Amino acid sequence: MINENASEVQTFVRGTVDEVRKFTRDTIWTFSGLGFQSVVGLVTVAFLTKSFPAELYGVWAQISVTTALLAPILTLKLDSAYIRFLSGQQNREKIRQSLGIVIWPVFSIGFLLLVISWILRESLSAAIFVDSRYMPFVSLTFLWTAVRALFGLSLCYYKALRRIRRVAVMQIGCSLLQTAILAILIINGFDLIWVVFSNIIIQGLFVILVLGLIFLETGVPTLHIRGLKEYVLFSIPILPSALLFWTMNSSSRYIITHLLGLSYAGIYSVSWSLVNLISFFITPVAANVFYTVSGLWEKGEVQKVKSYLQYSTKIFLCLAIPAIVGLSMLSQRLLSVLTTSEFLSGELLIFFLGVGVIFSGVYQINVYVVYLVKETGRLPLVIALAAIINVGLNLVLIPQIGIIGAAVSSMVSHFTLATIVTVWAQKAIGITIDSKLLVKVVAGSVVMALALYFIRVDGIFGIILAIVTGATIFGTALFLMRAFSDRERRLMKETIAGLVPRLN
């Protein structure tokens, strides 16, 4: 939690309520888009795990983590540079030039990766799936990477201009159509390869739609080599960070696949998909922080940047900590509804993975300070340390205690990363952690956990009732412990009061 002195909060309330309302409104839209994606993601998990064995779900999981690895390589992290430099830009010609800087290099690199994947498909199948039988999935994996990267890059146009509602609508539409087609194919007995192919086709159509709408506004962009240098100098130091961060989050799936087999990778991935619901809380907050503080930093409003980071960290921790406690307690009953008994993995795995996600969220908010002060060159060294810890612990623990070892490795490495970056942000703009407020949130979560322990949960409606009950108990506990100051509560009330007419 963040420690704010009275004068800072008073200034923040008086001078930036409208800005906070805009930030909160954008967060709600992002929250809605990603929340819908999370829900349909669980539906996807349910259809896949109830229709295919753990080994084939392991193939799906390997495709997902491989696209996550290749996407930063394909984009060169130009999406981050695009948002960083285009935030608040109104000049149409500069916007069009910026599009040309980022889009055409990605098209070129994507085509090159597709050619490489075709030539090396047999070797890549052994590396990704530990089995040459799954060679047809290799080219599809690389094609899906290209399509997903272009979809994300195209949405950056609306993110940079803070048209967050448009982003949410596109994400919801794409996810809904993908899940609907996936369900139809599985119900009618189609193989996994057709499920993967359908997802690629649908997302490709949305890429064409989004780019078409953008080009109608800006005109078709051309390649601008001159401007590419500035973007690359900003983004290239971030690229190793993205790859190393993937090592922390996803390399465990590769290690599990090679040491234990695809089935165990599938089981681990189902638990990870469930825990990844916590990202439902961090991604909207962290993303909108970046769009907002980038513009404020350019105006020299450092105090407002600090206030937004503090405000965002409070929102995230107050949501994520009780969420992971409750999710751990309900996880096996929820998995038994969504999947088969083959995929049940135990509450301890869920808890360790969840704590790691919380540390990851703290990192994702505070790392933007590093971006703003343009010290990204040192960031790969920090992430490399955490990645080495992660891989080393995985190699030691997975053979000893199985997939729980991967969860412990994730938790320890993310704790290391969050600690270093938080201290870094503190030195840069003076952010501090309010341990008293953090203790109140933990205490409220414990009270909620004790109540959930005595609630009998049967079926999906019982789970929903337990979630509502737990949230009510936690909120009441925070209120009784006066977790927020009077000024903070007034800020929240004024913010919410201004949202209702604006959301229409």
Simple label model, 7 Å out from Cα along Cβ direction - residue 479 to residue 443, nm:
1.8 nm
Assign one of three labels to the stretch 407-457, namely rounded, prolate or oblate, based on the Cα gyration tensor with a ≥ b ≥ c the square roots of its eigenvalues; rounded applies when a/c is under 1.5, prolate when it is not and a/b is larger than b/c, and oblate otherwise.
oblate
Backbone N under 17 Å from the residue 463 label point (7 Å along Cα→Cβ), restricted to the stretch 318-339:
323-339
Solvent-accessible area of residue 220, probe 1.4 Å, all protein chains present, reported in Å² to the nearest ten, please.
90 Å²
If I ignore ligands, DNA and RNA and count only protein heavy atoms, how much of residue 197 is accessible to a 1.4 Å probe, in Å² to the nearest 10?
80 Å²
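Out of the total accessible area of the stretch 172-282 (probe 1.4 Å, heavy atoms of protein only), what percent is carbon and sulfur?
73 percent
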Members of 159/436; 77/159; 229/304 lying beyond 25 Å, as alpha-carbon distances in this model show
159/436; 229/304
For the stretch 365-483, the spread of Cα positions along each principal axis, largest first, Å:
50, 42, 22
Each residue of the stretch 337-343 in order: what ³J(HN,Hα) in whole Hz does its phi give by Karplus 6.51 cos²θ - 1.76 cosθ + 1.60, θ = phi - 60°, with x for Gly and Pro?
7, 7, 10, 9, 4, 4, 9
Proximal lysines to residue 440, defined as alpha-carbon separation beneath 17 angstrom and excluding residues fewer than eight positions away on the same chain
314
Local charge sum around residue 233 (other residues, Cβ-Cβ under 12 Å, Lys/Arg +1, Asp/Glu -1)?
+3
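Could you order 151, 111, 461 so the one with the most accessible surface comes first? Probe is 1.4 Å. Working shown, then result.
Details: 151 15, 111 145, 461 165 Å².
Largest accessible area first, the residues go 461, 111, 151.
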Which value, to two decimals, describes the C-alpha radius of gyration of the stretch 383-429 once divided by 2.2 N^0.38 Å?
1.34
Using alpha-carbon positions, the gyration tensor of the stretch 299-397 gives root eigenvalues a ≥ b ≥ c; with a/c under 1.5 called rounded, otherwise prolate if a/b exceeds b/c, else oblate, the class is oblate
Taking a probe of 1.4 Å and leaving out DNA, RNA and ligands, the stretch 151-240 shows per residue an accessible area in Å² of 47 Å²
Roughly how many Å² of residue 424 are accessible to a 1.4 Å probe, to the nearest 10?
40 Å²
Full-extension gain in nm, residue 427 to residue 191, via 0.36 nm per residue minus C-alpha separation
79.6 nm
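The values are calculated or read from the model by the stated rules, or taken from the named source; none is laboratory data. Just so it is clear, the structure is predicted and the values come from calculations on it, not from any experiment. So basically every Cβ, Gly included, is an ideal-geometry build from the backbone, and we count neighbours across all protein chains shown. To get the accessible areas, we keep the full protein, side chains included, count just its heavy atoms, and leave off ligands, DNA and RNA. Shrake-Rupley method; radii C 1.70, N 1.55, O 1.52, S 1.80 Å.
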